[in-house]
Structures are given as C-alpha cells and as structure tokens.
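Colleague: To start, I am sharing the structure in question, which I have written as structure tokens.
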Amino acid sequence: MKEETQNSGCRIQALTHASAAAFAFCILNFAFPLAAAAQADRPAPRTDQNSQTAHTQLLEKARRGGIDVYFEGDSITRRWGATDYPEFLANWKQNFFGWNAANFGWGGDTVQNIVWRLTEGELDGVHPKVIVVMAGTNNVGGTLREGVDAVVVENVTSGMRAMLELMQRKAPDATVILMGITPRTDSRGGASVMPTIDAINERYARFADGPRIRYVNINAQLARADGAPREGVTVDGLHLSLDGYQVWAAALKPIFTELLGPPAGIDHAPPPTGDPSASAAPTGDPSAASTGSPTR
C-alpha cells in the first residue's frame, strides 16, 4: 500500500514500511532549507552580549523620556547619533538640537531584530510626536543578484508592515516617517542588489497614508545612474558619510518644522549612547572598536 505526503511543497511517495532514514532524508533536504529563512514579521532577538547590553542601554534611554523625535533603524541610523562616531554626532546635534531627537538604531539589525527590540520595550512610554525609521538593508545584504529577488522583497515588506503596526500601537499619536532603503553596493562593488532595494522601496511607498505615515526617499540625491551610491555619500558603499547624512537631514528638517515648529533653544532628549564594545578600544579612540564590524 502506498501513501503520499505533502511537505513544504515536496511530494513524497513512499511505502508504508519504507525506512525512516529515507523519509528523514527528504525532510532534511526539503523542509529545513525553507524553514531556515528568517521571517521578518516575527520578532527575532540578537543574542550576542554586546547587542543585549545595547538593548539595556536603549531601554534606559527610553525611560528617561523627553523625546519628541524617535529615530529607529540599523547601523546607518545608529552611527548618526552615537558617541563612538563623534563627527557624525556633531552633525546630528547641528541638525536636530532643539527638536528633542533620540537615536535608537543598532548596528547589524534586520527588520525582525528591530521588531523584537520594539516588542521588548524600547518604545514603551516614550510617546514621541515623530518616528523616523529606516530598515531593511541588512535583510537584503550584499549577495550578488540577478534582477529582483521577489522572496526578499515580500519578506522585508511583510516585516516593515508588522513594524509600522507595532509603532502605531505603542505610539498612536506619532507621525511615522518611513525612509526608503538607501543605495548600497553588492559584495563586488556593483549595483546588483539595487533592483531588489528599489522594489522594496516601491512597496514601502504604498504604506504612506498621509497623516500617520509619510514616505521619504532620498536616493535621487545619493545614487548614480546604475543605482549604486555616488562617490562621497558613503564611507564604504553602505554607511553614509557626512555628506550623505546631510542629504538625509535636509529631507527631514522641513517635515520636523511642519510637525513640531522650529527647533527650540534647549533640548530635552536623553544623552546619546554608543556601541558598548567601544569602551574596550585599547588606543582610547572609541572608533577603534567599531571598525571590526562593518554593521555597527
């Protein structure tokens, strides 16, 4: 007697008394690879100690309050307002002082990692008036691609939808400014990942509803003709330079003025944080500890 089993799209025909080893082989080779892909709409923690320490620091920052503008994202966001990148931090203060802006980015985070941090309290009780979020480049990565990776597009879009819903539940009075993913190079310095990023950004744009979610894309100012970053707007083909951050600031400041009025003469945001591991830099230069990981 034969039986048919459907498993993750793989049809298995086997005798009822077929060996368990043969069945297990099919499970291992067909089910597990599909299950291994992280779902961006499901909270996923970073388990390394440095990330857990950073999460604790960001929880404390959230508890301090005084935050009207809440920045969320990965390393591209984090570096702008971090103590271990003093030149970028000076630019942050120059642009945002008086708007009570606080930075909650963390390097290397995927969309699902950020969803976890928000689920675990980093937005609780903050009550910001504006949330700025840029996320998804670490889900795309630098792997060479041909055309649009539809699976990645769907996964990242699903994760961003979950993140936006979570933000709106925890900060119902905030206007969310959803940023398009900025240009990046692939592992060979080319632009093969840009069709996928462009497709994600097209999906992000559909989330904009006007009053509660606004979509902002600055890639026209950052990208060359093939979509990869222009010379000078990143430091490594991914992370923004001072020039790149100033392009971003120029896009945000009119929106902040519209929503919050002009910046005040004082600022009530909590002090900036940085990479916890930066304190281990033996030279006394906090940036020395950050160069070991391009995602920080």
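Colleague: Among the candidates 218, 177, 213, single out the residue that is modelled with pLDDT of 95 or more, buried (at least 22 other Cβ atoms within 10 Å of the Cβ) and β-branched (Val, Ile, Thr).
Modeller: Working: 218 fails: buried (at least 22 other Cβ atoms within 10 Å of the Cβ); 213 fails: buried (at least 22 other Cβ atoms within 10 Å of the Cβ).
Every option except 177 fails the conditions.
Colleague: While we're looking at this one, here's another question. Output the residue which, of all residues in the stretch 188-210 that are assigned to a helix (DSSP H, G or I) and not aliphatic (A, V, I, L, M), is surrounded by the most Cβ atoms within 10 Å (Cβ to Cβ). Steps first, please.
Modeller: Applying the first criterion (assigned to a helix (DSSP H, G or I)) to the stretch 188-210 yields 194-205.
Subsequent filtering for residues that are not aliphatic (A, V, I, L, M) retains 195-196, 198, 201-204.
Numbers: 195: 16, 196: 24, 198: 18, 201: 21, 202: 14, 203: 16, 204: 26.
The extreme case among them is 204.
Colleague: Moving to a separate point now. In the stretch 197-223, which residues are over 16 Å from residue 134 (Cβ atoms) and in contact (Cβ under 8 Å) with a residue 24 or more places away in the chain?
Modeller: 199, 211, 212
Colleague: Being of a type in the set (A, V, I, L, M) and farther than 26 Å from residue 105 by Cβ is the filter here, so list the residues in the stretch 135-150 that pass it. Working first, answer last.
Modeller: Residues of the stretch 135-150 of a type in the set (A, V, I, L, M): 135, 140, 144, 148, 150.
The answer is 144, 148, 150.
Colleague: Which members of the stretch 164-192 meet the condition of being in contact (Cβ under 8 Å) with a residue 12 or more places away in the chain and within 16 Å of the chain's Cα centre (by Cα)? Please lay out each step first, then the result.
Modeller: First, the residues of the stretch 164-192 that are in contact (Cβ under 8 Å) with a residue 12 or more places away in the chain: 164, 166-168, 170-171, 173-192.
Correct list: 164, 166, 167, 176, 177, 178, 179, 180, 181, 182, 183, 184.
Colleague: Going through the stretch 211-225 one residue at a time, which ones are part of a loop (DSSP other than H, G, I, E, B) and hydrophobic (A, V, I, L, M, F, W, C)? Give the derivation first.
Modeller: From the stretch 211-225, those part of a loop (DSSP other than H, G, I, E, B) are 211-212, 217-218, 224-225; that's our starting set.
Residues satisfying the conditions are 218, 225.
Colleague: Run down 278, 249, 205 and say which single residue is modelled with pLDDT under 95 and out of contact with any Cys (no Cβ under 9 Å at 6 or more places or on another chain).
Modeller: Just a single option satisfies the conditions, and that option is 278.
Colleague: Within the stretch 150-181, take every residue that is among the small types (Gly, Ala, Ser) and not in a helix (DSSP H, G or I) and give me the one that is farthest from residue 217 (Cα to Cα).
Modeller: Per the criteria, the residue is 171.
Colleague: Could you please let me know if residue 237 is farther than 18 Å from residue 74 by Cβ and either in the same structural domain as residue 130 (by TED's automatic domain parsing) or surrounded by fewer than 19 Cβ atoms within 10 Å (Cβ to Cβ) (or both)? Step through it out loud before you land on a result.
Modeller: Details: farther than 18 Å from residue 74 by Cβ: no; either in the same structural domain as residue 130 (by TED's automatic domain parsing) or surrounded by fewer than 19 Cβ atoms within 10 Å (Cβ to Cβ) (or both): yes.
Against the criterion (farther than 18 Å from residue 74 by Cβ and either in the same structural domain as residue 130 (by TED's automatic domain parsing) or surrounded by fewer than 19 Cβ atoms within 10 Å (Cβ to Cβ) (or both)), residue 237 does not qualify.
Colleague: Which condition breaks for residue 22 when tested against (1) modelled with pLDDT of 95 or more; (2) in a helix (DSSP H, G or I); (3) touching a strand residue (DSSP E or B) at 6+ places or on another chain (Cβ under 8 Å)?
Modeller: (1)
The values are calculated or read from the model by the stated rules, or taken from the named source; none is laboratory data. As the structure is a computational prediction, the values presented were derived from the model and not from experiment. So basically every Cβ, Gly included, is an ideal-geometry build from the backbone, and we count neighbours across all protein chains shown.
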